[in-house]
Amino acid sequence: MALELLGKHACFGGEQRFYQHDSVLLGCRMRFSLYLPPAAAHGKVAALTYLAGLTCTEETFAIKAGAQRVAAELGIALLGPDTSPRGLDLPGEDDDWDFGSGAGFYIDATRPPWRDHYRMYSYITGELRELALTSFPLDSSRQGIFGHSMGGHGALTIGLKHPDLYGSISAFAPICAPSLCPWGQKAFANYLGDNRSSWDAYDASVIASNLVDGPERSRLLVDQGEADQFLDLQLYPESLEAACRQSGLGLTLRRHAGYDHGYYFIASFIEDHLRHHAEILGQPE
């Protein structure tokens, strides 16, 4: 599991780095980005894992979101994995932009040929997290997770199911109810099979509605653009809103007129998200 540094760049007093490693779990070489703030030179810092959306890579957020300035100020590291395994030559892997390469959906596939490699859920919560914690000055007790679109779906589901690992959660334009939308139905049917009960484990709205400790959880922050071209057909924020109301889970869902699905939207509100996480995660003891 040796790390290979692909590049590093001075950035707001810290460093933006890019790495690759051989993933035992996924059976391929995986890449990730890591921003280390200036404070990382002096001790362990809080870390946020960012999950990107369909077709994105480990570079997308680091290049487009403009998050490093505020992360440097707050003393927060930013970890950004790729969105799927790559280069496995599986049948159909590269046929569609919304399935296979670049579209791992942050789940553990159970159907062949995907089940031996497309295990992004376990990769994020296990292998990558452990690799990052043992290789870099990151505080294991101050971890958060956030993401965009498909990655927003991943952040919500992973964060809600693992409050022991991630103390704070937020999302930009997440796929809130993948069981109801074409993107999610296509991915879930191919990765998990036709038994819809198996889909519930990766549907944020279902997970949120079934929480019995909702009032005790940290509040979610979700931003959604009202000019988002995928809003009506794919995203279903109203389902998450209803689920949180049912379980008592705190949700701040902000709707923004004029904003679409892209990174101009994310860049406009990234500071709010970083400060949301910083407030919840607090300072080292």
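The values are calculated or read from the model by the stated rules, or taken from the named source; none is laboratory data. Predicted model only: the values in this text are computed from it and were never measured. Just so you know, the surface numbers come from the protein's heavy atoms only, side chains and all, with ligands and any DNA or RNA stripped out. Shrake-Rupley method; radii C 1.70, N 1.55, O 1.52, S 1.80 Å.
Points worth noting:
- Annotation: amide H-H contacts under 5 Å for residue 77 (H modelled 1.01 Å from N, sequence separation of 5 or more, or interchain): 46, 47, 48.
- Evaluated at q = 0.18 Å⁻¹: base-10 log I(q)/I(0), Debye formula over Cα of the stretch 1-43: -0.57
- What separates the Cα centres of the stretch 63-130 and the stretch 224-285 is a distance of 20 Å.
- Taking the DSSP beta bridges with both ends in the chain, the antiparallel portion is around 50 percent.
- Three-way shape label, the stretch 141-232, alpha-carbon gyration tensor, a/c 1.5: oblate
- Inverse of mean 1/r across different Cα pairs in the stretch 1-153, Kirkwood, Å: 15.6
- Distance histogram in 5 Å bins (all Cα pairs of the chain, percent per bin): 1, 6, 13, 18, 20, 18, 13, 8, 3, 0, 0
- Helical mean residue ellipticity (222 nm; -39500 (n - 2.57) per DSSP H run of 4+; nearest 500) of the chain: -8000 deg cm²/dmol
- Spatially proximal lysines relative to residue 186 (Cα-Cα < 27 Å; intrachain offsets below 8 disregarded): 161
- Accessible area in the full protein assembly, largest first, 1.4 Å probe, for 277, 42, 256: 42, 256, 277
- Per residue, the accessible area of the stretch 190-285 comes to 52 Å², computed with a 1.4 Å probe over protein heavy atoms only.
- Under 18 Å from residue 44, Cα to Cα: lysines that are on another chain or at least 8 residues apart: none
- Cross-link partners of residue 8 among aspartates and glutamates (Cα-Cα below 15 Å; sequence separation of 8 or more within a chain): 58, 59
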